[in-house]
Structure formats: structure tokens, C-alpha cells
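The values are calculated or read from the model by the stated rules, or taken from the named source; none is laboratory data. None of the values given here were measured: they were computed from a predicted structure. Glycine also receives a Cβ, built like all others from the backbone with ideal geometry; neighbour counts cover every protein chain displayed.
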Amino acid sequence: MKLPGEDEPVGAGLPVVYMVVGVVVFIVLLLFAILKSNDKKSGGSDYLKEMQQQKEEMAAAQEAEEQPEEPERKLRAEDLDFWDMYPVEGEAEQGTAAATGTFQQDTEETPKSSKSTFAEKAQRVEEEEKEREEERAKNDPARDGKHTLITNRNGTKEWVALNSYLTKNTYDFTKMEEKAGLKRYLENGKKISYVGADISKEDGDVNFASVKAAGVDYVMIRLGSRGYSTGQITLDENFKKNIEAAIDAELGIGVSFYSQAISQEEAVSEANFVIQNLEPYKAHVKYPVAFDMEFVVNDTARIEGLSKEDKTNIATSFLESVKAAGYVPMLYGDKAWLLKEVDLAKLQNYDIWLAQEEDLPDYPYQYTMWQYATDGVLNGVTGGANLNICFVGYSQR
């Protein structure tokens with residue numbers, strides 16, 4: 001019996017071949033697919049790693065944002081070092097008591113040692129304040145006792161150091177009195193000074209009898225002067241009339257000369273001029289012959305260029321010349337002139353006539369005559385009178 005397909009032996013192998021080919025193709029395709037899959041898995045792995053890393057970074061950033069910040073530490077008062085400067089409560093009370101000088105009464109709560117400490121602190125505070133006050137006084141020329149104040153001719157003030165080698169005046173001005181505008185110096189209630197007036201042609205006609213009756217003891221009459229620009233020596237126009245009238249009124253008499261000498265030779269010439277014109281009246285001139293050198297107000301004087309040494313030498317030459325002629329030499333000047341323009345250490349052998357229009361003078365050194373007013377009221381003198389007080393009785397010498 002013939003089975004199906006037995007009559008077709010030749011074609012029986014084709015399906016098998018196809019099947020094998022198909023299997024091979026399938027296997028190849030399968031292998032290819034597997035390889036592709038591995039490639040994709042490898043690439044995907046890197047991608048997944050990158051994504052995972054980004055995710056972790058984002059999570060960390062979010063966590064950092066959500067983490068509460070540590071609060072900023074602020075500086076507190078108790079952190080400052082200066083609190084160590086202050087004592088504890090008990091010490092603070094003690095310090096306050098020492099600074100103010102107030103202390104507790106003796107109580108059982110206050111030990112003696114504490115009270116002793118309070119007293120010591122108070123004493124130290126007092127001593128320190130005293131030392132500070134002494135230091136201030138030492139550095140203050142107004143209080144150190146070593147300076148005196150002058151007013152320069154331009155109006156400026158200046159403290160001038162005192163010369164400890166010059167003789168200080170010892171006048172007690174509580175003993176000074178004034179009656180009818182005239183100053184007197186008293187000792188045990190008795191007048192020991194002399195009332196004076198200085199007279200020149202500027203005073204016009206003077207009634208010396210009235211001057212005497214007003215209480216004046218002596219007059220200083222201007223004899224002459226040297227011109228501050230021309231340098232010419234002239235006799236005061238009223239000198240002869242004034243001195244003769246003063247002699248008749250039995251007044252004490254002295255004279256003055258206004259100098260503008262710029263050399264010692266000129267000073268000697270001025271002195272000789274004075275001596276010559278005094279010769280007829282020499283017996284009556286008991287008060288000094290005064291040398292008056294001054295700057296000129298609102299103009300330039302001949303003496304502007306002179307040094308302190310020059311002016312000192314010129315004054316010495318004049319004063320020595322009149323002294324040699326038998327007269328008492330005297331140097332006239334205001335406080336600024338005497339302390340700054342001449343060397344008093346070289347002129348201390350001469351009497352000083354101080355010009356200072358004050359109620360009380362503050363010139364520190366010795367002087368024998370003081371001109372205290374240039375506009376005083378005096379019977380016998382028309383207009384303002386130049387008033388003086390003398391502490392030496394020259395007429396009694």
C-alpha cells in the first residue's frame with residue numbers, strides 16, 4: 001500500500017532545508033536583537049546614572065534649603081571687656097563714697113578697715129585735685145607770681161617775666177586815700193607822701209598860688225625837649241615863667257626833659273642844655289631832673305630805630321651827666337616802656353617816675369614817684385591836670 005508522498009521522493013528534502021534556513025535566520029536575527037539590546041542597555045545605563053546623579057544633587061540642594069540656618073550670634077553687652085573696669089556692687093559703693101567725700105556712720109555692718117579705706121581714698125582725691133590746681137597755677141602767667149601784664153602801644157597784651165634780681169616795691173595800697181582827687185599815702189594815719197603836678201606849656205597860664213592852696217606839695221616843670229623829627233633842642237616856652245612862679249609859691253621844684261636823642265653824644269648835649277638853663281635856679285631844684293623818652297603817637301619818632309641797648313645807654317648818659325652836676329637823676333616811663341624798651345638791670349641805681357593811669361598801679365619794681373592822672377581836676381590849672389604822688393621827701397634831703 002503506498003503511503004502519501006512516497007511517490008515524490010525527490011522533493012521530500014526541500015521543506016527541511018527551508019526549515020533549517022529559517023531556523024538559522026531566526027537565530028541570527030535573535031543574536032542581532034540581543035546585541036542591539038545590550039547596546040541600548042549599556043547606553044541607557046550611562047543615561048540612568050547621569051539622571052540619578054542629578055536627582056541626588058537636587059535632593060541635596062532641597063535638603064540644604066530646608067535645613068534651618070543657625071541664627072547669627074549677636075554681640076551682647078556682657079561680652080564687652082570694659083565691664084571688668086567696674087567693681088562689684090560693694091566696691092562701687094566704696095568708690096562713689098571716696099569720690100564724693102561722703103561716708104557711712106560707724107555701724108556694725110561697716111568694718112573699721114573699710115572706713116579707713118574710704119578716708120584714704122578721699123584724701124588721695126583731695127591731694128590729686130590740689131596737685132592739679134598747683135600745676136594749673138604754675139602754668140598760668142596770671143597766677144604764677146612770675147609774670148606781669150603790659151599793654152603794648154599797638155594795644156596788644158603781653159605777659160612779661162619778672163626779674164628776680166630787681167628790687168620789688170613794698171607799697172601797701174590799703175594805706176592809700178584820695179581827697180578832692182589827690183592821692184595820699186598814710187602811715188599810722190599820718191600822710192607820709194607828697195602831692196605833685198607836672199606842668200608844661202600845654203597847661204597855659206598856671207596859678208601856682210592856687211595850686212599850692214589846693215594841697216600840692218611840689219611841681220615837675222618841663223624845661224625843654226628835642227624835636228622828634230627835626231632833632232632840634234628847644235626850651236619850653238613857659239619854663240622861665242613857670243619855675244619863677246613856683247619858687248614864689250614856695251613849692252618843691254623838679255624838672256623834666258623830653259628826649260629824642262639817637263646817640264649818647266646827643267644825650268649829653270641834652271643834659272648840658274638842662275644844666276645850663278637850671279643854673280639860675282639850682283638852689284631851688286630839690287626834686288629830681290627827669291629823663292623822659294617816649295615814642296610819638298600817630299607819627300614816626302627819631303628813636304624808632306633804636307635798640308633796647310641803645311636806649312639804655314642814651315638814658316644812662318643823660319642821667320649820669322645831671323647827677324655829676326649835682327642834681328637827682330630820675331627815669332620817667334610807663335610800664336611797657338620801663339619793662340620792654342630799656343634794661344632796668346642797668347638803670348636800677350636811678351629813681352623811677354612811673355606813668356600809669358590806674359586807680360592802683362601794678363608795676364612790680366621800686367619807684368619813688370607815680371603819675372596817676374593826665375586829666376585831673378586841680379585849682380590853678382585850666383583843663384586836665386597831670387597829677388602825681390611822691391613817696392620820698394626830696395625837699396627834706
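Laid out as a table, the results:
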{"read-out": "Condition broken by THR151, with the remaining ones in (1) outside the structural domain of GLN371 (by TED's automatic domain parsing); (2) free of Cβ contacts under 8 Å to residues at least 40 places away in the same chain satisfied", "value": "(2)"}
{"read-out": "Residues being of a type in the set (A, V, I, L, M), touching a residue at least 60 places away in the same chain (Cβ under 8 Å) and not in a strand (DSSP E or B) - total across the stretch 323-337", "value": "2"}
{"read-out": "Among residues of the stretch 171-211, those that are among the charged types (D, E, K, R) and either buried (at least 19 other Cβ atoms within 10 Å of the Cβ) or in contact with a Pro (Cβ under 8 Å, 6 or more places away or on another chain) (or both), counted", "value": "3"}
{"read-out": "Hits in the stretch 179-203 - residues which are β-branched (Val, Ile, Thr) and in contact with a helix residue (DSSP H, G or I) (Cβ under 8 Å, 6 or more places away or on another chain)", "value": "ILE199"}
{"read-out": "Residue match in the stretch 332-344 (condition: charged (D, E, K, R), in the same structural domain as ALA180 (by TED's automatic domain parsing), buried (at least 18 other Cβ atoms within 10 Å of the Cβ) and more than 25 Å from VAL274 (Cα to Cα))", "value": "yes"}
{"read-out": "Among the candidates SER321, SER259, residue that is hydroxyl-bearing (Ser, Thr, Tyr), under 23 Å from ILE243 (Cα atoms) and touching a Ser or Thr at 6+ places or on another chain (Cβ under 9 Å)", "value": "SER259"}
{"read-out": "All positions within the stretch 126-164 that are part of a loop (DSSP other than H, G, I, E, B), loosely packed, with under 11 Cβ neighbours inside 10 Å and at pLDDT 90 or above", "value": "ASN152, ASN154, GLY155, THR156, SER164"}
{"read-out": "Matching residues, the stretch 368-385, being touching a strand residue (DSSP E or B) at 6+ places or on another chain (Cβ under 6 Å) and buried (at least 23 other Cβ atoms within 10 Å of the Cβ)", "value": "MET369, TRP370, LEU378, ALA385"}
{"read-out": "Near pairs, Cβ below 6 angstrom, 6+ apart or cross-chain, from the stretch 264-281 (among the small types (Gly, Ala, Ser) and crowded, with 17+ Cβ neighbours inside 10 Å) to any residue that is modelled with pLDDT of 95 or more and in a helix (DSSP H, G or I)", "value": "ALA267/ILE314; ALA267/SER317; ALA267/PHE318; ALA271/PHE318; ALA271/SER321; ALA271/VAL322"}
{"read-out": "Residue tally, condition at pLDDT below 95 and not in a strand (DSSP E or B), over the stretch 175-191", "value": "4"}
{"read-out": "Residue match in the stretch 232-253 (condition: under 19 Å from LEU331 (Cβ atoms), touching a residue at least 40 places away in the same chain (Cβ under 8 Å) and of a type in the set (A, V, I, L, M))", "value": "no"}
{"read-out": "Filter result (closer than 15 Å to ILE243 by Cβ, in a loop (DSSP other than H, G, I, E, B) and either among the β-branched types (Val, Ile, Thr) or more than 45 Å from the chain's Cα centre (by Cα) (or both)) within the stretch 193-206", "value": "ASP205, VAL206"}
{"read-out": "Which listed residue is within 18 Å of ILE221 (Cβ to Cβ) and either surrounded by fewer than 20 Cβ atoms within 10 Å (Cβ to Cβ) or among the charged types (D, E, K, R) (or both), from ASP299, ASP359, ASP292", "value": "ASP292"}
{"read-out": "Residue tally, condition over 30 Å from LYS146 (Cβ atoms), charged (D, E, K, R) and either modelled with pLDDT of 70 or more or surrounded by 11 or more Cβ atoms within 10 Å (Cβ to Cβ) (or both), over the stretch 106-125", "value": "3"}
{"read-out": "Which listed residue is under 47 Å from the mean Cα position of the chain (by Cα), assigned to a helix (DSSP H, G or I) and modelled with pLDDT of 95 or more, from ALA261, ALA246, ALA283, ALA271", "value": "ALA271"}
